[in-house]
1. Kindly indicate which of Arg117, Arg135, Arg108, Arg172 is surrounded by fewer than 21 Cβ atoms within 10 Å (Cβ to Cβ), of a type in the set (Lys, Arg) and within 16 Å of the ligand (Cβ to nearest atom).
2. Taking the criterion of being part of a loop (DSSP other than H, G, I, E, B), outside the structural domain of Pro56 (by TED's automatic domain parsing) and charged (D, E, K, R), would at least one residue in region 102-111 satisfy it?
3. Just one of the numbered conditions (1) closer than 17 Å to Arg19 by Cα; (2) free of Cβ contacts under 8 Å to residues at least 12 places away in the same chain is not true of Cys188; which one?
4. Restricting the search to region 51-66, which residues are surrounded by 14 or more Cβ atoms within 10 Å (Cβ to Cβ) and free of Cβ contacts under 8 Å to residues at least 40 places away in the same chain?
5. If you take the residues in region 70-88 that are of a type in the set (Val, Ile, Thr) and out of contact with any helix residue (DSSP H, G or I) (no Cβ under 6 Å at 6 or more places or on another chain), which one is nearest to the ligand (Cβ to nearest atom)?
6. I'd like to verify a number: residues in region 30-45 that are more than 10 Å from the ligand (Cβ to nearest atom), closer than 17 Å to Leu18 by Cβ and of a type outside the set (Val, Ile, Thr), how many?
7. Residues of region 191-209 being more than 14 Å from the chain's Cα centre (by Cα) and in contact (Cβ under 8 Å) with a residue 12 or more places away in the chain, which ones?
8. Can you find even one residue in region 185-205 that is modelled with pLDDT of 95 or more and in a loop (DSSP other than H, G, I, E, B)?
Amino acid sequence: MTDGTLYLGTKRYSSWSLRGWLPVRLAGLNVAEVVIPLAGGSTPGVKAVSPGGTVPYLEHQGAAIWESLAIAEYCAEIAPSLWPADRVARAHARAIAGEMHAGYRELRMAMPMALFRPGAAGTCATDGALADIARIDALWQDTRARFGAGGPYLFGPAFGNADAMFAPVVARFLTYAPALSPVAQAYCTAVRAHPLVAAWYDAAAAEPADWFLEKYETAPAPPASA
Ligand SMILES: N[C@@H](CCC(=O)N[C@@H](CS)C(=O)NCC(=O)O)C(=O)O
C-alpha cells in the first residue's frame with residue numbers, strides 16, 4: 001500500500017518530471033510511479049490526470065501538487081535537509097531554483113532534454129542558448145565557491161532541491177556538450193554520478209522504443225559553418 005502516486009512523463013525527455021522525481025525520492029515518499037508516454041506536445045493521458053495539465057504531478061496523503069518547484073517545497077516539509085540549513089545559503093538555493101523554474105527559455109527550446117540523442121554534441125548552440133549557458137555556468141561557479149565546500153554539489157556534500165532543479169540542465173549539457181568552465185564540468189560529472197540520477201538514466205534507457213519521439217532521437221542539424 002502506498003501513500004499516493006507520482007505521475008511522470010517519458011524519462012528520456014521529461015525534464016520537469018526529473019525535477020519532481022528527485023525530491024520525491026530524496027524525501028523517501030512512498031508513492032507509486034506512473035510514467036505516461038509524452039506525445040511531444042499536448043498529451044491526452046497527462047491532461048486526464050493532472051489538474052495543471054502537466055507532469056510531474058504528485059498526489060500524496062490528500063495533497064495534490066502539479067508544479068515541480070511546489071513538489072520540491074512539499075518534499076522539503078517532510079525532509080527539511082533538501083534545502084541548506086543555513087539561512088543565507090537556503091535563501092540563495094531558493095533564488096537559483098526559482099530562477100531555473102522561471103527561466104532559461106532559450107536553452108530549454110534550443111536544447112530539449114533527450115538523454116540519448118545521437119550526434120548532438122556541439123549542436124543546437126543558438127545565441128540565446130549560449131547566453132543562458134553563460135549565466136548558468138557563472139551561477140554554478142559562484143554558488144560552488146560560496147556554499148559548496150565539503151562536497152561536489154551546489155551546497156556541498158548533500159544533493160538537494162537546487163541540484164534537483166538543475167539536474168535536467170546537466171543532462172542537456174551532457175547531450176549537447178557546450179563549452180563549460182572546469183567548475184561547471186566537474187559539477188555535471190558529480191550530478192550524473194549521483195545514484196538517483198544514474199537510476200533515472202537506467203530507467204530511461206529501458207523505456208520501450210514505441211515511446212520514442214523521432215525529433216529527439218535523430219541527430220540535430222550540424223552548425224551552419226560546419
Ligand atoms: N511548470 C511546470 C512545467 C511542467 C511541464 O511543462 N511538463 C511537460 C513535460 S516535461 C508537460 O507535462 N507537457 C504537457 C504534455 O506533454 O501534455 C512544472 O514545473 O512542473
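1. None of the others qualify; the one that does is Arg108.
2. no
3. (2)
4. Keep residues of region 51-66 that are surrounded by 14 or more Cβ atoms within 10 Å (Cβ to Cβ), which gives 52, 54-60, 65-66.
Gly52, Thr54, Ile65, Trp66 - these are the residues of region 51-66 that are surrounded by 14 or more Cβ atoms within 10 Å (Cβ to Cβ) and free of Cβ contacts under 8 Å to residues at least 40 places away in the same chain.
5. Just the residues of region 70-88 that are of a type in the set (Val, Ile, Thr), to begin with: 71, 78, 88.
Filter once more, keeping what is out of contact with any helix residue (DSSP H, G or I) (no Cβ under 6 Å at 6 or more places or on another chain): 78, 88.
Details: Ile78: 19, Val88: 26 Å.
Step by step, filter region 70-88, then rank; the result is Ile78.
6. Total satisfying the criteria: 1.
7. Residues satisfying the conditions are Ala203, Ala205, Glu207.
8. First, pick out the residues of region 185-205 that are modelled with pLDDT of 95 or more: 185-205.
Then drop every residue that is not in a loop (DSSP other than H, G, I, E, B), which leaves 194.
Yes, there is a match, as at least one residue in region 185-205 is modelled with pLDDT of 95 or more and in a loop (DSSP other than H, G, I, E, B).
The values are calculated or read from the model by the stated rules, or taken from the named source; none is laboratory data. Keep in mind that this is a model prediction, so the values were computed, not measured. We place every Cβ from the backbone using ideal geometry, glycine too, and count neighbours over all the protein chains shown.
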